[in-house]
Structures are given as C-alpha cells and as structure tokens.
1. Scanning region 18-61 for residues that are near the ligand (Cβ under 10 Å from one of its atoms) and open to solvent by 70 Å² or more (accessible area, probe 1.4 Å), which turns out modelled with the highest pLDDT?
2. Is it the case that P74 is open to solvent by less than 10 Å² (accessible area, probe 1.4 Å), within 12 Å of the ligand (Cβ to nearest atom) and touching a strand residue (DSSP E or B) at 6+ places or on another chain (Cβ under 8 Å)?
3. Restricting to region 157-181, name every residue that is within 14 Å of the ligand (Cβ to nearest atom) and under 15 Å from the mean Cα position of the chain (by Cα).
4. Pull out all pairs, ordered by first then second residue, where Cβ-Cβ is under 6 Å, the residues are six or more apart or on different chains, the first lies in region 169-185 and is on the phi < 0 side of the Ramachandran plot and aliphatic (A, V, I, L, M), and the second is open to solvent by less than 10 Å² (accessible area, probe 1.4 Å) and modelled with pLDDT of 95 or more.
5. Mind checking which helices (runs of 4 or more DSSP H) fall wholly inside region 62-130 and carry at least 3 residues that are over 15 Å from Y31 (Cβ atoms) and of a type outside the set (S, T, N, Q)?
6. Of these, L147, L227, L204, which one is touching a residue at least 60 places away in the same chain (Cβ under 8 Å), under 17 Å from the mean Cα position of the chain (by Cα) and either under 30 Å from N56 (Cβ atoms) or open to solvent by 30 Å² or more (accessible area, probe 1.4 Å) (or both)?
7. W90 is checked against (1) more than 12 Å from the chain's Cα centre (by Cα); (2) closer than 29 Å to G209 by Cβ; (3) more than 9 Å from the ligand (Cβ to nearest atom) and fails just one. What number does that condition carry?
Amino acid sequence: MTPGSPAGADKLNADVDWDNFDPQAYIRNNYLVLHPDDEEILSAVRDHFGDHFRRNPGPVATGIDVGAGPNLYPAFTMLPWCDEITLYEWSAANVAHLEGQRASFDPDWDPFWDVLRKEDGYARLGADPRARFGQTVRPRHGNLYDLGEPGPNGEAERWAMGTMFFVAESITTSLDEFRRGVSCFMNALEPGAPFAAAFMEHSLGYQVGVHDFPASDVGEQEVRNLLKQYAGDVDPIHIGKPGGLVREGYTGMILACGHRND
Ligand SMILES: C[S@@+](CC[C@H](N)C(=O)[O-])C[C@H]1O[C@@H](n2cnc3c(N)ncnc32)[C@H](O)[C@@H]1O
C-alpha cells in the first residue's frame, strides 16, 4: 500500500497517472552521483553479461530495458552486445526524457559507464559511448503487462537479452500485479536470453517530486521463488547495507541475474 491509502486497498498500476513521473526529480533523488549500491549492481551485471558473451560470442539482435524511466545504466549494460535496445516505458514524460538523451546523454552518466569499462567488451566501445548509445536505443511507449502477448501477426515479440530495474515491485502495491509484471518480463525474453532484474526490498512506496508512487512489499525469498519458474540458474543477491541508504523506505535491493529457460 502507498502511505495514505485506505487500509486493505491496493494501489494498482492503472490507478496511477504515470505521466506525473518527473524524470529530473527522479534523477536528482537517485542518479546524480554514482552510489555504491548502483556500482555494486553495475559490476555484477557487467560480469554476468560479459561472461555470457565470452562463452557465446557475436552480437545479439535486440535488447529490452523494461520500465526504463530516466535511468540509462541498464541500457549501458547491454550496449556492446546489441544492435538495437528498446527502452520500454509507460510514462510519456519518461519517453520524452529518453528521446532527449539520445543525441548526447548528460555527463552525470559518465561514472556509470566507467564502471562497465573495466570489462573488455565494454572497453572496446571507448570512454565515450554517446554515438553508439544514440544509434542503438529506441525509446518506446508501452505497457509492461502487454509484453509476451501475441501482436497483430499472432506472435509475441521477444528480445534476445533484457533488463528490468526497480519496476515490477515499484509500480503497484498488489503482489498479484508484481508477479504478473515479472512473468510478462520473462515471457518477453527468447529462450536462453541473459537477463538482469533488480528489485527494491520491502519498499513502502516512494516520492518523485510532489507525487507519491506505490510499491509492493517483496523480499528475497519471494523474488527467488518467482524467478526460479523462468530461470533455473538464477541466484538473487542482496545489495546494500542497513543504515547506508540513499533511498528511504526500503531495506535494500535484490539483484537477480540469469538466463531464460529454454
Ligand atoms: C521506480 S521507476 C524505475 C525506473 C528505472 N528502471 C530505474 O532503474 O530507476 C518505475 C518505472 O516504471 C514505469 N512504469 C510504470 N508502470 C509501467 C507499466 N505498466 N509499463 C511499463 N513501465 C511502467 C514508470 O514510469 C517508471 O519509469
């Protein structure tokens, strides 16, 4: 439940006007400087994708970052490996913000890229991946809950790798919707696709600018049990130390890296 909502009433994803999400305020709250928790996440995802593509060389066709918001670093983690990365997002304000970052993203993101550059695949793109980023990313207005559904040709669209950071649990108070969100993400991935998903642990909801947004209260066991249905090799890790928090109202983060089952 969001603070302030009536006892017992869930705040569902469709109850929220996501166009009120203020991308600049969100960046100021979370990404203006590189926080140690994000550095830990970036390092683990870099190693997961780097390892996958060392064993399976060659570019994959497409990647997707679901609920991208204004955060560019999940797309950075897929940049060396993809010809095209869909930045899939429901808020028109965030889609417009992402479009504005394509020509040349803000310098605040350079330290995030520097963490990735410690691995060869990323280092090959050099110190400034702006041109590559602009050519590769495609912001797209879309709803997480529509992923995995058959399109006009009767086939569901699928991507060869994917990321979803702080989305399924951070867009609803309903555990059913949380589970459905994870399932939709997983069903948008091709068999064998490498992925990374991050979750706020036991979040109470969050504020962006003057607006409150809902979150569902999920823990490591819930995430593990759910993801195991889609990815046998997944082994979620806890990120962040109690007391060292940059975002209020949660107890840490959970990062899950793995491969979609065949
Ligand atoms: C907590 S933010 C996470 C943003 C970003 N991924 C990050 O790592 O910081 C949740 C994001 O999910 C988006 N969102 C909300 N409902 C959605 C839906 N039904 N489908 C896709 N995105 C949605 C929001 O607009 C927002 O950008």
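The values are calculated or read from the model by the stated rules, or taken from the named source; none is laboratory data. Since the model is a prediction, treat every value here as computed from it, not as a measurement. Note that each Cβ is placed from the backbone with ideal geometry, even for glycine, and that neighbours are counted across all protein chains shown. These area figures cover heavy atoms from the full protein model, side chains too; ligands, DNA and RNA do not enter into them. Shrake-Rupley method; radii C 1.70, N 1.55, O 1.52, S 1.80 Å.
1. D19
2. Details: open to solvent by less than 10 Å² (accessible area, probe 1.4 Å): yes; within 12 Å of the ligand (Cβ to nearest atom): yes; touching a strand residue (DSSP E or B) at 6+ places or on another chain (Cβ under 8 Å): yes.
Yes: the conditions hold for P74.
3. G162, T163, M164, F165, F166, V167, A168, E169, S170, I171, F178, G181
4. Partner pairs satisfying both residue conditions: L175/S216; V182/A168.
5. By residue number, 92-102, 120-123.
6. Working: L227 fails: touching a residue at least 60 places away in the same chain (Cβ under 8 Å); L204 fails: under 17 Å from the mean Cα position of the chain (by Cα).
One residue alone meets the criteria, L147.
7. Status for W90: all satisfied but (3).
Per-residue answers, yes or no, for (1) within 17 Å of G252 (Cβ to Cβ); (2) in contact with a strand residue (DSSP E or B) (Cβ under 8 Å, 6 or more places away or on another chain):
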site: G148; (1), (2): no, yes
site: F166; (1), (2): yes, yes
site: E169; (1), (2): yes, yes
site: T173; (1), (2): no, no
site: A188; (1), (2): no, yes
site: M200; (1), (2): yes, yes
site: V208; (1), (2): no, no
site: F213; (1), (2): no, yes
site: G219; (1), (2): yes, yes
